[in-house]
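My questions all concern the structure below.
The values are calculated or read from the model by the stated rules, or taken from the named source; none is laboratory data. These figures come from a predicted structure and were not determined experimentally. Note: ideal-geometry Cβ built from the backbone for every residue, glycine included; neighbour counts use all protein chains shown. Only protein heavy atoms, including side chains, enter the accessible area calculation; ligands, DNA and RNA are left aside. Shrake-Rupley method; radii C 1.70, N 1.55, O 1.52, S 1.80 Å.
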Amino acid sequence: MRLMLKLTIPVEKGNQAEKDGTLGKAIQALVQSVNAEAAYFALEDGKRMGIVIFEETDQARMPVINEPLFAALDAAIEIQPVLTADDLQRAL
């Protein structure tokens, strides 16, 4: 199933993580561990925000994906299934 993971990082923790190198390492580890199809980064409400699209078939991997982001970045995380235009067309 294709999933979209959205993460937001509190400003203070993000600043600290950027300074000590944790931010880049955590993002790189996420993108690699899920074999991301796409990853986008922006600002939302003045906070660092990222959206990562990936395929996952094993729900038991959710803690493996989420916990490093919680621990390293105090990230708020939302995960939801998403469709491509082709997926939607097949469904309709």
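Compute the label zone of residue 35 within region 3-17: residues whose backbone N is under 14 Å from the point 7 Å along Cα-to-Cβ.
3
Here's a follow-up. Ignoring any ligand, DNA or RNA, what whole percent of the accessible area of the chain comes from carbon and sulfur when the probe is 1.4 angstrom?
53 percent
Read through the labelled values [x] 47, 28, 17; [y] 42, 33, 32; [z] 32, 30, 30 and report the label of the one computed as Cα extents along the principal axes in Å from the structure.
Here the calculated entry is [x].
Let me ask something else about it. Report, ordered by chain and residue number, the lysines lying within cross-link reach of residue 47, taken as a straight Cα distance under 17 Å and ignoring same-chain residues fewer than 8 apart.
Those lysines meeting the cut-off are 6, 13, 19.
Could you go through region 34-49 in sequence order and give the Karplus-derived ³J(HN,Hα) for each residue, using 6.51 cos²θ - 1.76 cosθ + 1.60 with θ = phi - 60°, rounded to whole Hz, and x for Gly and Pro?
Each residue of region 34-49 in turn: 9, 6, 4, 6, 7, 9, 10, 9, 7, 10, 9, 6, x, 10, 5, 9 Hz.
List the equivalent ellipsoid semi-axes of region 1-51 in whole Å, largest first, each obtained as the square root of 5λ for an eigenvalue λ of the Cα gyration tensor.
Values: eigenvalues 80, 39, 9 Å².
They are 20, 14, 7 Å, listed largest first.
Can you tell me the accessible area per residue over the chain, all protein chains present, probe 1.4 angstrom, in square angstrom? It would help to have the intermediate numbers written out before the result.
Details: 6000 Å² over 92 residues.
For the chain, the solvent-accessible area averages 65 Å² per residue.
Expressed as a rounded percentage, what relative contact order does the chain have, with Cα pairs under 8 Å and six or more residues apart?
Here the relative contact order equals 46 percent.
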